[in-house]
1. Could you check, for the stretch 231-252, whether at least one of its residues is buried (at least 17 other Cβ atoms within 10 Å of the Cβ) and within 16 Å of the ligand (Cβ to nearest atom)?
2. Could you list, in sequence order, all residues of the stretch 24-37 that are crowded, with 22+ Cβ neighbours inside 10 Å and away from the ligand (no atom under 16 Å from the Cβ)?
3. Would you check if residue 413 is touching a helix residue (DSSP H, G or I) at 6+ places or on another chain (Cβ under 7 Å), touching a residue at least 24 places away in the same chain (Cβ under 8 Å), within 22 Å of residue 298 (Cβ to Cβ) and not assigned by TED's automatic domain parsing to the domain that holds residue 293?
4. Tell me the residue from 21, 96, 92 that is part of a loop (DSSP other than H, G, I, E, B), within 16 Å of the ligand (Cβ to nearest atom) and either closer than 17 Å to residue 109 by Cβ or at pLDDT 65 or above (or both), please.
5. In the stretch 141-151, how many residues are assigned to a loop (DSSP other than H, G, I, E, B) and more than 16 Å from the ligand (Cβ to nearest atom)?
6. Got at least one residue in the stretch 381-400 being part of a loop (DSSP other than H, G, I, E, B), in the same structural domain as residue 498 (by TED's automatic domain parsing), at pLDDT 90 or above and closer than 30 Å to residue 459 by Cα?
7. Take the residues in the stretch 71-81 that are in contact with a helix residue (DSSP H, G or I) (Cβ under 9 Å, 6 or more places away or on another chain) and within 15 Å of residue 317 (Cβ to Cβ), then tell me which one is modelled with the lowest pLDDT.
Ligand code: G4P
């Protein structure tokens with residue numbers, strides 16, 4: 001095998017998703033500890049924002065600071081290069097998470113055993129399902145009382161519309177938690193509530209009917225475990241890796257991240273079954289990771305934290321070929337070649353300059369305003385990667401320049417923040433007023449704060465009563481022209497010049513859809 005194919009086969013790029021507080025940060029940290037990427041617990045800071053509206057700008061800045069350094073956490077484990085892409089759990093940043101999910105090849109979903117499926121779990125898993133991303137579930141906090149394991153699996157299947165396949169099974173929970181039986185490797189893993197991972201007792205246990213089981217976990221739990229494993233084996237399908245890779249079944253593990261219990265089982269199975277970098281669709285054709293020419297797309301942009309420098313970091317997911325430092329690549333949207341003298345790789349909290357990167361890797365490119373989310377770099381071929389849609393926002397406000405002397409800064413600031421994907425902006429056609437649309441309240445504060453601190457300009461919001469913004473298209477140009485004429489007051493253009501219908505109420509949207517059958521209304525910019 002060539003070195004290139006060997007490097008490709010070594011990559012595992014995934015995201016950990018969870019509802020806030022389920023234990024994503026804790027699990028990430030334990031995984032990094034195994035990989036030796038960090039030495040001490042507490043090194044990965046939680047980037048969650050606890051309150052739903054934050055007026056404390058320090059909190060926003062703190063969040064951004066942490067997010068840059070934890071955007072991609074790379075480490076080596078069993079000779080594999082593992083890349084964990086961070087996904088914000090806070091729902092106001094959901095769009096950022098959706099976009100990050102376009103750059104992963106698989107996902108681990110953390111579930112709190114007491115809370116089961118929560119709102120963000122549902123939303124994010126849906127995005128994975130739409131994209132057929134292979135999912136592994138990690139049911140966390142077994143050291144606490146929670147839902148019955150069988151009920152929980154039912155809940156996963158029903159609420160998330162997935163098929164599950166437990167690969168480990170818990171023995172009790174809370175005070176009575178004794179460990180798990182690893183059905184995948186036929187091992188009994190015993191929990192020592194006061195121990196460290198090294199103390200985790202692992203016993204090869206092929207046959208649960210072996211009377212030794214009583215000696216290890218006691219009579220009652222042994223009976224229960226035998227009964228449950230028998231039932232589970234009858235109800236759930238036998239694990240087939242291909243079914244997992246096709247997104248048809250989702251393996252489930254149980255453990256306790258904070259106690260570092262069950263995490264190694266998860267990681268060892270993950271590295272065995274998780275996909276190597278997958279092919280990606282572009283508008284023109286499918287791009288296979290084995291192709292030798294470099295292609296990649298930008299899925300995330302971070303503004304520099306230092307207001308004296310306008311630099312930003314654009315995160316490029318490599319889809320094919322070898323990325324090399326200083327080699328010219330084609331920026332497709334700008335139609336020009338660019339070189340990158342300082343591409344960066346994030347290894348846990350450390351940044352390193354890199355000379356080359358492979359499919360599955362994420363490269364940080366210093367950018368002075370050339371990149372937008374969704375931009376493509378290639379060796380010349382014109383390609384546009386799919387799957388980076390803007391979602392129909394749910395909250396709207398007019399945004400006005402509050403300082404007439406700073407009009408230029410205001411316009412530039414807004415423009416760049418929109419390129420970063422902080423929110424979406426629509427320009428109403430009748431009066432030219434700008435409307436900001438977001439998925440969460442927090443973005444309005446982020447925009448106002450960042451305009452002031454980074455662009456030295458002030459904005460003012462005014463209320464606008466809107467229910468939804470949706471993109472409109474039609475195969476019949478006359479139908480569009482007629483629509484634009486008749487609904488003049490309700491149309492706007494997005495930043496890329498696409499037509500958008502601004503519906504004041506759910507009722508208006510419905511009526512308009514009925515009255516204009518030749519117009520298609522889309523709830524993502526990708527016009528699915
Ligand atoms: P998140 O990133 O998904 O939001 O969750 P995070 O890891 O920050 O965990 C949320 C809380 O749950 C933390 O407690 C963490 O210690 C706790 N936790 C994580 N895994 C387990 C587990 O297996 N068992 C139990 N009992 N708790 C767990 P916290 O009080 O919010 O923070 P901290 O003071 O412990 O850091």
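The values are calculated or read from the model by the stated rules, or taken from the named source; none is laboratory data. No experiment lies behind these values; they were computed from the predicted model shown. In this analysis, Cβ positions are derived from the backbone assuming ideal geometry, glycine residues included, and neighbour counts consider all displayed protein chains.
1. Yes, the stretch 231-252 contains at least one residue that is buried (at least 17 other Cβ atoms within 10 Å of the Cβ) and within 16 Å of the ligand (Cβ to nearest atom).
2. Scanning the stretch 24-37 gives a single hit, 37.
3. Working: touching a helix residue (DSSP H, G or I) at 6+ places or on another chain (Cβ under 7 Å): yes; touching a residue at least 24 places away in the same chain (Cβ under 8 Å): yes; within 22 Å of residue 298 (Cβ to Cβ): yes; not assigned by TED's automatic domain parsing to the domain that holds residue 293: yes.
Yes.
4. Numbers: 96 fails: part of a loop (DSSP other than H, G, I, E, B); 92 fails: part of a loop (DSSP other than H, G, I, E, B).
The unique qualifying residue is 21.
5. Of the residues in the stretch 141-151, the ones assigned to a loop (DSSP other than H, G, I, E, B) are 141-148.
Checking which are more than 16 Å from the ligand (Cβ to nearest atom) leaves us with 148.
Going through the stretch 141-151 one residue at a time, the tally reaches 1.
6. Looking for residues that are part of a loop (DSSP other than H, G, I, E, B), in the same structural domain as residue 498 (by TED's automatic domain parsing), at pLDDT 90 or above and closer than 30 Å to residue 459 by Cα, one finds none in the stretch 381-400, hence no.
7. The first filter runs over the stretch 71-81 and keeps only residues in contact with a helix residue (DSSP H, G or I) (Cβ under 9 Å, 6 or more places away or on another chain), leaving 71, 73, 75, 77-78, 80-81.
If we keep only those that are within 15 Å of residue 317 (Cβ to Cβ) too, we end up with 71, 73, 81.
Working: 71: 76, 73: 85, 81: 92.
Once the filter is applied, the top-ranked residue is 71.
Here is a yes/no grid of residues against (1) in contact with a helix residue (DSSP H, G or I) (Cβ under 6 Å, 6 or more places away or on another chain); (2) more than 14 Å from the ligand (Cβ to nearest atom); (3) at pLDDT 95 or above; (4) part of a helix (DSSP H, G or I):
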| residue | (1), (2), (3), (4) |
| --- | --- |
| 121 | no, no, no, yes |
| 126 | no, yes, no, yes |
| 129 | no, yes, no, yes |
| 132 | no, yes, no, no |
| 136 | no, yes, yes, no |
| 139 | no, no, yes, no |
| 153 | no, yes, yes, yes |
| 156 | no, yes, yes, yes |
| 175 | no, no, no, yes |
